[in-house]
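I have placed the structure first, in the form of structure tokens, so that the comments after it can refer back to it.
The values are calculated or read from the model by the stated rules, or taken from the named source; none is laboratory data. Since we're looking at a predicted model, the values are computed, not measured. Here Cβ is always computed from backbone atoms with ideal geometry, including for glycine, and neighbour counts include all displayed protein chains. In case anyone asks, the SASA skips ligands and DNA or RNA and just uses the protein heavy atoms, side chains included. Shrake-Rupley method; radii C 1.70, N 1.55, O 1.52, S 1.80 Å.
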Amino acid sequence: SAAELKQLWGGHEVDDARLDLWRSRTRVAGVPPLLVGHFWEYLRQSKPAKRAQVLQFATGAARLPSDVEMAQGWTFSIQASTSFPTIEPTPSNGLTGPAMCARASTCSKTIYLPPYEGMDALQRGLDCSLMDGGFGTA
């Protein structure tokens, strides 16, 4: 049907239910549980448009894949990063503290998170990472 084709080709917006599905399909390596929790809370508090930006940053796609692709084993990864660019606060950028930028590998659908010390640092870092143009490199 037309609706099935739309879903198959276009994927899904990251609403709350799809955010939970995304989370359930995520593997974590080397990232403290508290930081992983902050990542998902950042997304939970974000509007679908911001969630789409994070998803596109990390996977190259702004929408979650179709139910068919999900059933075929789609996965996402969160990994720790020890190498990351840092943007220092200046009068012109409005930052309240240093912003450690996340990196991504769209081919492997992986986001690499720096050792953020809390929710504010994560939000600053991810927001700056997204403003940098989208795609990161591993």
The set of residues whose placed amide H lies less than 5 Å from the amide H of L64, leaving out same-chain residues fewer than 5 positions away, is H12, V14
Using amide H atoms built 1.01 Å from N in the peptide plane, name the residues 5+ places from V28, or on other chains, whose amide H lies under 5 Å from its own. I78
Using modelled backbone amide H atoms (1.01 Å from N, in-plane), which distant-in-sequence or interchain residues come within less than 5 Å of R103's amide H? Y112
Between D16 and A29, the two model label points (7 Å from Cα along the beta-carbon direction) sit apart by a distance in nm of 3.3
Restricting to Cα pairs under 8 Å and 6 or more apart, the percent relative contact order of the range 3-117 works out to 29
Highest-MSF residue in the chain out of S77, S92, S105 [GNM, Cα springs under 10 Å]: S92
Please give the per residue accessible area of the chain, computed with a probe of 1.4 Å over protein heavy atoms only, in Å². 55
Determine the calculated [θ] at 222 nm for the chain from helices alone, applying -39500 (n - 2.57) to every DSSP H run no shorter than 4 residues and normalising by the residue count; nearest 500 deg cm²/dmol. -13000 deg cm²/dmol
